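Asker: Let me give you the structure first, and then I'll get to my questions.
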Ligand code: ATP
């Protein structure tokens, strides 16, 4: 594995939370001799102002020479004809086909459930988000939902491999009773791939029932895998069960490269105030360390975050405290 990762600070609160994550990384590196170097890459609004594009070619080249990327939130312009957002460009360029969102209860955090540990694996390149949308005339539009055997196989393998490391259960969320071509293909491939993983239990649930059960009986799930649009919706639903945006990390995984980023956006309303919660970024670093094989450092980081939250001495305003990003970061480092 390449021993360098790349870093995009991002926009809004991005630089604040990524600075925290890097300070935490330095502490872990000192203690566990992780040995990964990092390079900082220009992307997002700052790059747009300098180069007229949010992801200049030299940044893509620099990222290509690293094992993985720690990315802060970047602002995506919503004007007609504006370029794609940075994460979308990176997902396409590096074919990051699986989006992984852990949904794990954290101590001391107000949430609907205190005993959840679910992993949502979402297909990231096909479905309704493959970009095949057309205006037939000014009043009629159509979108094409793409589902391929190859796309399904690779994302299901990621889900089953993750389940092998956990409680060995994968649930497919689908709607094959209505989507008789696309989701039926996914369902068939799901059971074919499941035969490669004899120790993992494969089950299925219609996505609407799954959305309901996530609220009513979420403890029944270990790994949930589903296509792009369904996954987009249920992963936000699930993160609300355990305390929301400031705490939720994510990974985008490909065959040879991966990007790790907090789920939250650039939060312009609190940017520059020094009060952003850095935990989603710090837990994204934890996922990066696992990907890079630094298991000990990753486990220590997760324990440090959990201790910091249960002690409750330095909580940011979104967690009901009055601490700053820096205070919370210092506590995490103390607990490493
Ligand atoms: P974007 O357009 O970049 O997605 P947004 O404002 O639409 O930005 P978020 O940035 O995700 O969406 O923010 C939604 C709300 O959650 C805001 O009120 C924001 O302040 C809050 N929030 C998001 N991330 C954090 C964080 N890390 N710490 C504290 N509050 C946060």
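Asker: Regarding residue 304, is this residue surrounded by fewer than 22 Cβ atoms within 10 Å (Cβ to Cβ), assigned to a helix (DSSP H, G or I) and more than 13 Å from the ligand (Cβ to nearest atom)?
Answerer: yes
Asker: Still on this structure, please answer the following. Which of the residues spanning the stretch 257-274 are part of a loop (DSSP other than H, G, I, E, B) and near the ligand (Cβ under 7 Å from one of its atoms)?
Answerer: The answer is 264, 265, 266, 267, 268, 269, 270.
Asker: Give the residues of the stretch 66-81 that are surrounded by fewer than 18 Cβ atoms within 10 Å (Cβ to Cβ) and within 13 Å of the ligand (Cβ to nearest atom), sorted by residue number.
Answerer: Within the stretch 66-81, 77, 78 qualify.
Asker: Can you say whether residue 106 is within 16 Å of the ligand (Cβ to nearest atom) and either closer than 24 Å to residue 268 by Cα or not assigned by TED's automatic domain parsing to the domain that holds residue 162 (or both), as far as the supplied structure shows?
Answerer: Here the answer is yes, as residue 106 does meet what is asked.
Asker: Might you let me know whether the stretch 287-298 holds any residue that is under 11 Å from the mean Cα position of the chain (by Cα), surrounded by 23 or more Cβ atoms within 10 Å (Cβ to Cβ) and within 11 Å of the ligand (Cβ to nearest atom)?
Answerer: no
Asker: Tell me which of these residue 246 doesn't satisfy, since it passes every other one: (1) modelled with pLDDT of 95 or more; (2) within 16 Å of the ligand (Cβ to nearest atom).
Answerer: (1)
The values are calculated or read from the model by the stated rules, or taken from the named source; none is laboratory data. Just so we're clear, the structure is a prediction, and the values are computed from it rather than from any experiment. Positions of Cβ are backbone-derived with ideal geometry, glycine not excepted, and every protein chain shown enters the neighbour counts.
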